[in-house]
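In what follows, a structure is listed as structure tokens, so that the remarks can point back to it.
The values are calculated or read from the model by the stated rules, or taken from the named source; none is laboratory data. As the structure is a prediction and not an experimental result, all values here were calculated from the model. Note that each Cβ is placed from the backbone with ideal geometry, even for glycine, and that neighbours are counted across all protein chains shown.
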Amino acid sequence: MGAMSPPDPSPQPTFTTAEGGQSRLRAPQLPPPVRRIVVDAEPTVVQPPPGNGHVPQAGAGLAAPVRRAKPSSAPKLERMRIEGVSIAYGEKLAVDSVSLPVRQGEVLALIGPSGCGKTTLLRSLNRLVEITPTAVRSGTISLDGEDIDRMEVTALRRRVSMVFQQPNPFPMSVFDNVAYALREQGSGRPGKDALMSHVGDALVRAGLWDEVGATLDHPALRLSGGQQQRLCIARALAARPEVLLLDEPCSALDPRSTQVIEELILRLREEVAVVIVTHNMQQALRIADHVGFMYLGELVEYGPAEQVFGSPREQRTRDYVGGAFG
Amino acid sequence: MSRPIDSVGSWPLRDRVAYFAAWGAGLALIAIAAAILVYMAVRGAQYFDFGLLIESPNSALNQAQSGGFKDPIFGTALLLVMSTAIAAPLGVTIAVWLTEYGRPSGLARAVESAVEVVAGTPSIVLAMFGLVFFQQQWLGFLTFDAEGGAVLGRSFIAAAAMMALIALPLVVGATREALNSIPGHVREASYALGKTKAATIRRVLLPAARPGIGTGTALGMGRVAGDTAIVVVLLGATLQIQNGSDGSVFGLFRGTGSTLTSYVYYNSPAGEGLAPEKAYFAAFVLLLVVIVLNFLVTRLARGKEELWAR
């Protein structure tokens, strides 16, 4: 803006356009001047365009520092323990003897390049990896001290729930989606009234109640993408699990929905242990308390997020997280 | 370069010929469809007689006294209901097994081939097979028996069973397509909530596949309503409905009768009835039934929009 007000303070000729700078509506005969120079003129204030909801935030930009969430004040409680777990698909080793604790009161983020085995490790925590016929697993995973291989798989998955990359509500009403996990199979299905308090509770915890509370009988697939994903979280929370697994839950969502879900995750970590797989290192830095960096199936580095991102011990970690700060 | 790039005049001759041939083929098809509809509508209106719809056929030589086609209409409806009741559950079960289980894979391939064989068999061949099958003495209770207990192998049950085979491949195909279009992560989401495979199929996959199942079923019903060979061979040559035993509902099922297709066939100049005006009106009614079924298919298929992101 300095170029518009020359340093000469004396009242000198005023340069205006042919129209005297009066009418902005009249179509100019000549190509419009690039800049009008009016000495001592009032500074022009450009009004922002009428509200489109976008408010530029100070410092928002590529070089903006990532705001770390405050650590939770809730007491840490170890829920799951992964010990020497290796998983192979046929001949290919996808996870190579990984050991990790999963604690309530904190968010554990698994990061790493594509194909590093982080999703496979996540899917082994609720034994979903067993669906793949060629998958074999060794090592032990325990939930509250109990070996998950000894547990009934449906019971395990009620306690270790999961949310997927793509929002995938079932083609039924919002209510039925949330009530899905609560309804036992076979006869004697509880009625709507009996489930209402649980469904409402799950929707409140997923931060969706205010938006869908009045329209619980509407089809879930009519919700927006971000709402659908929060519905999937509510659905996963309905059976009151101890551990919530999130497989890149924001990668199909816009930034605003991503922010809403991240805030939700930070609230949820107080009551459930949260494990999140993410490609987005900024996201890991924003919400994770502990970070596990995986590379080629190996857990290269595990530690508090500040340490893994700020002063990684391993060269490979340093190379990978190098981009996290922009 | 001033000429638009995509003007037909600039195309090579070969492409222009193909272009106009494609136009011509489309227009010709529209013309044929319109001709059929208009012709049948005009003939149907010409011979329109509400009485025909509610009168039973009679065996009078004088056409004015030979009655209408109440029984054939009822026969068509009954056959549609019975064959759908067999084909829809069976087809959905086969499709679910093929897409969700399909093991051992050799058996799955064999089932697929079997469905294809059934789909490719002409209905007259199915009818002959049905006749041989239902003429067995021990299946006599399912079919109309003549005086003295001779098993003729003809009844609504026999015809509906073979008609179901016509509809079955369409139900299987549409249901499989619908199930295959459900992304794998939707199944996994259900497993991840602690549901078994059976519960997932029942509560998530089948409801999601409902438009596809409906489409396949309606397509199958269209084929059943229009088939003649099986009716002529397996439903007996009687235009009137004849109860197979004591007048009960089961007696109706094991009795014989006719449908609109066989009525048209018998009354057409090719048949023995020589009542072309009745044949035209019945054919018009049949056409309406099939058009309504096709309309149903389109309506159901409209519900098949992409439900999930992939």
In the set B:Pro207, B:Pro211, which member is within 7 Å of chain A (Cβ to nearest Cβ), within 19 Å of A:Phe170 (Cα to Cα) and either not acidic (Asp, Glu) or not in a helix (DSSP H, G or I) (or both)? B:Pro207
Looking at the range B:171-187, which of the residues that are buried (at least 18 other Cβ atoms within 10 Å of the Cβ) and more than 14 Å from chain A (Cβ to nearest Cβ) is farthest from the chain's Cα centre (by Cα)? B:Arg176
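Out of the residues in the range A:225-242 that are assigned to a loop (DSSP other than H, G, I, E, B) and within 11 Å of another protein chain (Cβ to nearest Cβ), which is surrounded by the most Cβ atoms within 10 Å (Cβ to Cβ)?
So the residue we want is A:Ala238.
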Taking the range B:188-204 and the residues there that are at the interface with another protein chain (Cβ under 9 Å from one of its Cβ atoms) and among the β-branched types (Val, Ile, Thr), the one that is farthest from B:Ala167 (Cα to Cα) would be B:Thr196
Does any residue of the range A:151-163 turn out to be within 11 Å of chain B (Cβ to nearest Cβ), acidic (Asp, Glu) and buried (at least 20 other Cβ atoms within 10 Å of the Cβ)? no
Go through the residues of the range A:85-105 one by one and say whether even a single one is part of a loop (DSSP other than H, G, I, E, B) and either surrounded by 14 or more Cβ atoms within 10 Å (Cβ to Cβ) or modelled with pLDDT under 65 (or both). yes
Among A:Leu110, A:Leu156, the single one that is under 22 Å from the mean Cα position of the chain (by Cα) and outside any loop (DSSP other than H, G, I, E, B) is A:Leu110
Before we move on, is A:Gly322 at positive phi and either touching a residue at least 40 places away in the same chain (Cβ under 8 Å) or out of contact with any Asp or Glu (no Cβ under 7 Å at 6 or more places or on another chain) (or both)? no
Going residue by residue through the range A:286-293, is there one that turns out to be under 22 Å from A:Met162 (Cα atoms), surrounded by 19 or more Cβ atoms within 10 Å (Cβ to Cβ) and among the aromatic types (Phe, Trp, Tyr)? yes
So which of A:Ile233, A:Ile261 is under 22 Å from B:Ala208 (Cβ atoms), of a type in the set (A, V, I, L, M, F, W, C) and either out of contact with any strand residue (DSSP E or B) (no Cβ under 7 Å at 6 or more places or on another chain) or modelled with pLDDT of 90 or more (or both)? A:Ile233
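Per-residue answers, yes or no, for (1) of a type in the set (A, V, I, L, M); (2) surrounded by 13 or more Cβ atoms within 10 Å (Cβ to Cβ); (3) modelled with pLDDT under 85:
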position	(1), (2), (3)
B:Leu37	yes, yes, no
B:Ile54	yes, no, yes
B:Ala64	yes, no, yes
B:Leu78	yes, yes, no
B:Met82	yes, yes, no
B:Ala85	yes, no, no
B:Ala95	yes, yes, no
B:Thr121	no, yes, no
